[in-house]
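Novice: Got a structure here, written out as structure tokens. Questions coming.
Quick note: the coordinates plus some simple rules give every number you see, no bench work behind them. These numbers were taken from a predicted model, which means no experiment stands behind them. Glycine also receives a Cβ, built like all others from the backbone with ideal geometry; neighbour counts cover every protein chain displayed.
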Amino acid sequence: MPPSYLKKRGSTWYVQVPVPRHAQAVIGAKTLQRSLRTGCEKTAHRGRHSVIAEFQGQIASAGKPEPRWEAADLEAYARRLAAGISAGTVDREQAEIDFDATFEGFLSRRAQRLPKDSEGDPILPPAELSQVRRAHTILGGSEATLLDVAISRWLELEGTKKITRGDLQDKTRYLSMLREFVGSDARLVDVTRQKAVEFVDKVLTPWEVTRKTKLRALQVIEAFFIAAELRGQADTNPFINVGRLVQDTTAGRKSLNRRSWKPEEIHQLLRAIPATDNAWPFAAIMAFTGMRNNEVAALRCEHVDRRRWCFTVVKSKTKAGTGRVVPVHPSLQPIVKRLLETSTDGWLVPGLEASGVDGKRSVTISKHVNRIKEDAHLPEDLDLYCLRRTVVTQMKRAGVETLLRNQIIGHKGRQTVEEEHYLDPETLEARRTALAHISYGAKVDALMAERSPAFAFVLPPKRKLKRTK
């Protein structure tokens, strides 16, 4: 807690109240002192308030009235004083006297409205008490050690890196959960090993998300404390190995084991999508290339080489996926040609809406395709991402080597030192031969041949992402 203005000289307690700078010339002193004539600390605590009130009256009569400070004002005032001390324009001793006087005035006013403890001090609400503690920490020159401040500065640095707004938003959310748990006035050193375990038990364990998401939250918190440790703000990382305590709270939910699409299911999906819907070429490209949904949505016309019939993936989720060349499957060539001829905005797949914090063009269309899948009564264990699984499965069954499969779909995978550092990437023709194994039967081939040459995108009404009940 902040100072009580009680001092002990020998065996006797006395009150010492700092005099604000504006009143020092009138009163003729920097502090007002009076003996309480007792050696009992409890008696001194009970008897100090009348003396403090008298001293405050003298200060008030000295002239310039003190402003009516709130707890938030104390924090801002402490920050201004600390900045002056750091710049050398404010004397530290004088700053502490001014702040103590201001704080005593704040306490006296709050004591008129709030209940008091056994020693006569007002019982401040938790939010105000937190702000008061923060103010004293800031004035002491230790603002950088506050968890709240350290988190804000770390997130600012993270924002300068090449990460998406969605990733930065997630990091902010995870660290906010920790900040709310330990309190905004907590210091980095207050987050002990025991606190870290309590955070897992009381916050992460009841959280209704998958274990993977919880571990991701811990990974972000660990990264924050590693940075704090390297900067000398924290002695240790209290979250090391606490991930072993994380439990999955989704155990009672229905678990779906995702699988590959069967040829008849691919045919059912493509037939269910209207012939003028941009979801049709979107799903078809995914089914015959194994590309991710955001990779297909990011394709522009200039990313298609019509001479060699291949896509260049310029934007991918992984480093291994970025910049890779994916052959255009023979079944896709007619629809890709049609898309190139009819494009009016430079995008290969037309009319995709950017949405989400990162403005991704794949979010809305993916939800739209999945809703069509549900309306077609296709099994629940299938989704768009399973098309990628299907391509990999078919190539594996055809005997395509792991390294070549990974180069096509943009996975680094588990590579040997030889594979990672010394082998050249497979040629485009090798990739084309591998993708030629992808086949969904005569019905799908006939549907592709029928729809592709005449495809014309028609802008639909505003799509509803949530089904009404």
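Novice: All other residues with a Cβ under 14 Å from the Cβ of Q333 taken together, and with Lys, Arg as +1 and Asp, Glu as -1, what is their net charge?
Specialist: Local charge sum for Q333: +4.
Novice: What net charge is computed for the residues neighbouring E93, neighbours being all others with C-beta under 12 Å from the C-beta of E93, Lys and Arg scored +1, Asp and Glu -1?
Specialist: Within the 12 Å Cβ shell, the charges total -1.
Novice: Where does helix 126-139 land angle-wise versus the long Cα axis of the chain, in degrees 0 to 90, nearest 10?
Specialist: That helix lies at roughly 80 degrees to the long axis.
Novice: If you line up the long axis of helix 263-272 against the longest principal axis of the chain, both from Cα atoms, how many degrees apart are they, to the nearest 10?
Specialist: 70
Novice: Let me ask you something else. So if the hydrodynamic radius of the chain is defined as the Kirkwood radius over C-alpha pairs, what does Stokes-Einstein give as its diffusion coefficient at 37 °C and 0.692 mPa s, in µm² per second?
Specialist: 116
Novice: Further, regarding this structure: Does anyone have the angle between helix 165-182 and the longest principal axis of the chain? Alpha-carbon axes, 0 to 90°, nearest 10?
Specialist: 40
Novice: What dipole magnitude, in Debye to the nearest 20, does the chain give about its Cα centre under +1 on Lys/Arg Cβ and -1 on Asp/Glu Cβ?
Specialist: Here the size comes out at about 940 debye.
Novice: Among 99-105, 341-347, how do they line up from the highest to the lowest mean number of other beta-carbon atoms within 10 Å?
Specialist: Ranking the peptides 99-105, 341-347 by packing returns 99-105, 341-347.
Novice: Then there is this: Sort 377-383, 334-340 by packing, meaning the average of other beta carbons within 10 Å per residue, with the highest value first.
Specialist: 334-340, 377-383
Novice: Amide H of T31: which non-local residues (sequence gap of 5 or more, or other chain) have their own amide H closer than 5 Å, using H built in the peptide plane?
Specialist: Distant-sequence amide H within range of T31: V19.
Novice: Moving on. Got a sec? Charge dipole of segment 1-121, +1 on Cβ for Lys and Arg, -1 for Asp and Glu; which of V17, G39, A83 is way out at the positive end?
Specialist: Comparing the listed Cα positions along the dipole, G39 ranks first.
Novice: Per DSSP H run of n ≥ 4, the term is -39500 (n - 2.57); total these for the chain, divide by its residue number, and report the mean residue ellipticity at 222 nm rounded to 500 deg cm²/dmol.
Specialist: -15500 deg cm²/dmol
Novice: Work through the residues other than E450 whose Cβ is under 13 Å from its Cβ and net out their charges, Lys, Arg +1 and Asp, Glu -1.
Specialist: Net of charged neighbours comes to +3.
Novice: V314's amide H: which non-local residues (gap 5+, or another chain) put their own amide H closer than 5 Å, with H modeled 1.01 Å from N in plane and none for Pro or chain starts?
Specialist: G323
Novice: If packing is taken as the mean number of other Cβ atoms within 10 Å per residue, what is the order of 397-409, 127-139, 106-118, highest first?
Specialist: Highest mean packing first, the order is 127-139, 397-409, 106-118.
Novice: Rank G441, T205, T390 by how far each Cα sits towards the positive end of the charge dipole of the chain (+1 on Lys, Arg Cβ; -1 on Asp, Glu Cβ) and give me just the farthest.
Specialist: Farthest along the dipole direction, towards plus: G441.
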